[in-house]
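Here's the structure we're looking at; comments come further down.
Just so you know, all these numbers are worked out from the coordinates, no wet-lab data involved. None of the values given here were measured: they were computed from a predicted structure. No Cβ is skipped: glycine too gets one built from the backbone with ideal geometry, and neighbour counts run over all protein chains shown.
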Amino acid sequence: MATTLARIIKYGVQNFLRNGWLSAVTILVMVLALFVFNSLVIFNFLTDSASFALKDKIDISVYFKEITGEDDILKVGKNLEALPEVRAVEYISKENALKIFSDAHKEDVVISSALEELGGNPLLASLNVKAKDPNDYDKIASYLENSSFFAAIEKVTYAQNQLVINRLAQVVNALENVGISVVIVLALIASLVTFNTIRLGIYSNREELGIMRLVGASNKYIRGPYIVNGILYGIIAGVLSLVIAAPIVSLASPYLSAFMPDVSLSNYFYGNLSKLLGYQLMFGMLLGSVSSVIAVRRYLKI
Amino acid sequence: MIAFNHVTKQYNNTAALDDVTFKVNPGEFVSIVGKSGAGKSTIVKLIIGEERPTHGRILVGSNEVNKLKSDELPRLRREVGIVFQDFKLIPTKTAAENISFALELAGRQQHEIENLVPQMLDMVGLADKADNFPNELSGGEKQRVAIARAMVHKPAVVVADEPTGNLDDFNTQEIIKLLLKINEFGTTVILSTHSRHVVDSINKRVISLSDGKIISDEEKGKYTIL
Ligand SMILES: Nc1ncnc2c1ncn2[C@@H]1O[C@H](COP(=O)(O)OP(=O)(O)O)[C@@H](O)[C@H]1O
Ligand SMILES: [Mg+2]
């Protein structure tokens, strides 16, 4: 058993080396396939971060009447936090609201002087609520309207730019769907091309496969080396495609960060390098070995 | 034991074998003689299940070959050593590797293989061609590698399909001597040939085949086909 496995591996490596050119071409095609697969992962990351960054800017603010005590407001906050749709609740006290407001309008002489003239604090305490899904704000709003503490609420406001943000998020979503479809189609095509390349290689060895059958080799013993071969293709192509992707990511990352300051492609890439490599190897080895198995099968009928 | 029982093999409209019945006992040496197209290779193909009979039963040892499933064929084929008329050497393996392959399939250990292969190459006179690939060998050399591969693992039966077709007189005699020798040690040998010269020199059982039919089956036979 162990000898058989050792022989299968030996022949797999031997085939790989003796068919140097074929191996090189197959690996090249496979690198292209894996590169497309890589783009899929990275594209997915980018659109996810973009739509997350956008959606994160949407929230609703619940302003409470002057007379409502801080304890009550915090209790409402607790209730809201318990809702499954709610991601985060932030309490902004009267004082904080004033500080934020005056900080924001420091430069504006008219507003600053008006505030000073007013003397007191005209702003209300509020809860800032973020939903997990931007489509759920309606639900949260209606929960508030029907709740027992509705009387304590002065008003509920959506962020002013909510509409724009929602639209943008939809655009990003649509982009994500289109992009992923395109990349999946490309990945499929690339996989098929890889499969065909492997199949052609095996086709050129069909005589040998038939002979092995006729002298009494079992299908497993015939197939084994080709599977080893396919796995070798996958390993080498997987590593190569990341080696090629690395400088591209490093080059592109600053440009992307200019659009989305919170997003660093290179951090993502290098931070997830081992995971990416794992995916590549898995995908490559699977593609290589499954293609080999399918391609060999038809020559084992003799 | 090998037995053909009323075997017919029909290819489209030609009957390659027509109601063929014969039996080869363990340890026998049988020559199957016939002109080109008589059906000799068809018999070989039926023995190892490369082709299936249209009618009839084929027994090889304990196997009823016509009933074996595809995944049961490898075991049968390892029990029989075949010298194919067209050699069927693995083109990506050297002469030595082709011979090793049969030993690997027989489950031999590496050190055994390393001992046996050079001996066998020596025996067929190809010690200096061990590392040549089939496309670097002449027809006669390929044939001798094929013969070495067929008998290196000492199968109970060796079937040789015109194994001297590409050899000169000297090498032909060497190969026939080799086959007679393994037969002396107990191996059943079935030799197909169209050569009068070869058959007459052996002086053992001869089955004559013509147009897919057995026309004679004689102990200590001679070449009788005109
Ligand atoms: N695959 C095939 N398809 C059709 N006819 C075949 C095939 N193989 C052999 N034959 C025919 O069967 C007959 C016997 O062939 P074969 O057994 O190869 O003869 P031999 O080996 O005695 O020269 C011949 O007439 C040949 O043309
Ligand atoms: Mg023939």
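Legend: distances between Cα atoms for B:LYS69/B:LYS204; B:LYS88/B:LYS154; A:LYS220/A:LYS275; pairs beyond 27 Å are B:LYS69/B:LYS204; A:LYS220/A:LYS275.
I'd like to know which of A:GLY278, A:VAL171, B:LEU209 lies farthest towards the positive end of the charge dipole of the protein assembly as shown, counting +1 on Cβ of Lys and Arg and -1 on Cβ of Asp and Glu. Going by the Cα projections, it comes out as B:LEU209. Taking every Cα-Cα distance in chain B and sorting them into 5 Å bins from zero, the calculated P(r) comes out as 1, 7, 15, 19, 20, 17, 12, 7, 2, 0, 0 percent. Restricting attention to the range A:58-157, lysine pairs at least eight places apart or on different chains and with alpha-carbon atoms under 24 angstrom apart total 27.
Between helix A:162-203 and chain A there is an angle of about 10 degrees, using the helix long axis and the longest principal axis of the Cα atoms. If the chain linking A:TYR91 and A:ASN79 were pulled fully straight, counting 0.36 nm for each residue of separation and taking away their Cα-Cα distance, it would gain 3.0 nm. Across the range B:154-168, coupling constants 3J(HN,Hα) worked out from phi with the 6.51/-1.76/1.60 Karplus curve, θ = phi - 60°, read 6, x, 5, 10, 10, 10, 10, 9, 6, x, 10, x, 10, 9, 6 Hz, and Gly and Pro carry x.
Averaging sequence separations of C-alpha pairs under 8 Å and six or more residues apart, then dividing by the length of chain B, give the relative contact order as a whole percent. Relative contact order for chain B comes out at 28 percent.
Taking a ≥ b ≥ c as the square roots of the Cα gyration tensor eigenvalues, chain A comes out prolate, since a/c reaches at least 1.5 and a/b is larger than b/c. Phi angles across the range A:222-227 convert, under the Karplus curve 6.51 cos²θ - 1.76 cosθ + 1.60 with θ = phi - 60°, into 3J(HN,Hα) values of 6, 6, x, x, 5, 5 Hz, Gly and Pro given as x.
How large is the Kirkwood hydrodynamic radius of the range A:1-88, counting all unique pairs of alpha carbons, in Å?
Working: mean 1/r = 0.0509 Å⁻¹.
Every distinct Cα pair counted, the radius reaches 19.7 Å.
Put a dot 7 Å past the Cα of A:ASN135, heading toward its Cβ, do the same for A:PHE149, and the two dots end up 2.9 nm apart. The Stokes-Einstein estimate for the range B:142-184, based on a Kirkwood radius over Cα pairs and taken at 25 °C with 0.890 mPa s viscosity, is a diffusion coefficient of 231 µm²/s.
Per-residue ellipticity at 222 nm, computed for the protein assembly as shown from helices alone with -39500 (n - 2.57) per DSSP H run of at least four residues, works out to -19000 deg cm²/dmol. Taking label positions 7 Å along the Cα-Cβ direction at both B:THR21 and A:LEU188, the computed distance is 6.1 nm, reported to one decimal.
Per-residue packing, averaged as other Cβ atoms within 10 Å, sorts the ranges A:69-82, B:141-154, B:42-55 into the order B:141-154, B:42-55, A:69-82, beginning with the highest.
Comparing B:VAL152, B:GLN10, A:SER49 along the charge dipole axis of the protein assembly as shown, the residue lying farthest to the positive side is B:GLN10, per the Cβ-charge model. For the range A:58-157, the C-alpha radius of gyration divided by 2.2 N^0.38 Å, with N the number of residues, is 1.18. The phi-based Karplus calculation (6.51 cos²θ - 1.76 cosθ + 1.60; θ = phi - 60°) puts the 3J(HN,Hα) values of the range B:42-47 at 4, 4, 4, 5, 6, 4 Hz, whole numbers, x for Gly and Pro. Cα extents for the range A:111-186 along the principal axes, largest to smallest and rounded to whole angstrom: 65, 38, 14. Enter the angle in degrees (range 0 to 90, nearest 10) between the Cα long axis of helix B:169-184 and the first principal axis of the Cα atoms of chain B, meaning the one along which they spread out most. Compared with the principal axis, the helix lies near 80 degrees. Here the protein assembly as shown was treated as a single set of alpha-carbon atoms; its pair distances binned every 10 Å from 0 give 3, 14, 17, 14, 10, 9, 8, 7, 6, 5, 4, 2, 0, 0 percent.
Nearest 0.05, what FRET efficiency do B:GLU218 and A:LYS10 give at R0 = 45 Å with Cβ-Cβ as r? Spell out each step's value before the answer.
Numbers: r = 49 Å, r/R0 = 1.09.
E between B:GLU218 and A:LYS10, to the nearest 0.05, is 0.35.
Would you mind classifying the range A:41-114 by shape? Square roots of the alpha carbon gyration tensor eigenvalues, ordered a ≥ b ≥ c; an a/c under 1.5 is rounded, otherwise it is prolate if a/b is larger than b/c and oblate if not. Oblate.
Of the DSSP beta bridges with both residues in the protein assembly as shown, give the percent that are antiparallel, rounding to the nearest 5. Once the DSSP bridges in the protein assembly as shown are tallied, antiparallel ones form about 65 percent. In terms of its C-alpha gyration tensor, the range B:71-166 comes out oblate, because a/c is 1.5 or above while a/b does not outweigh b/c.
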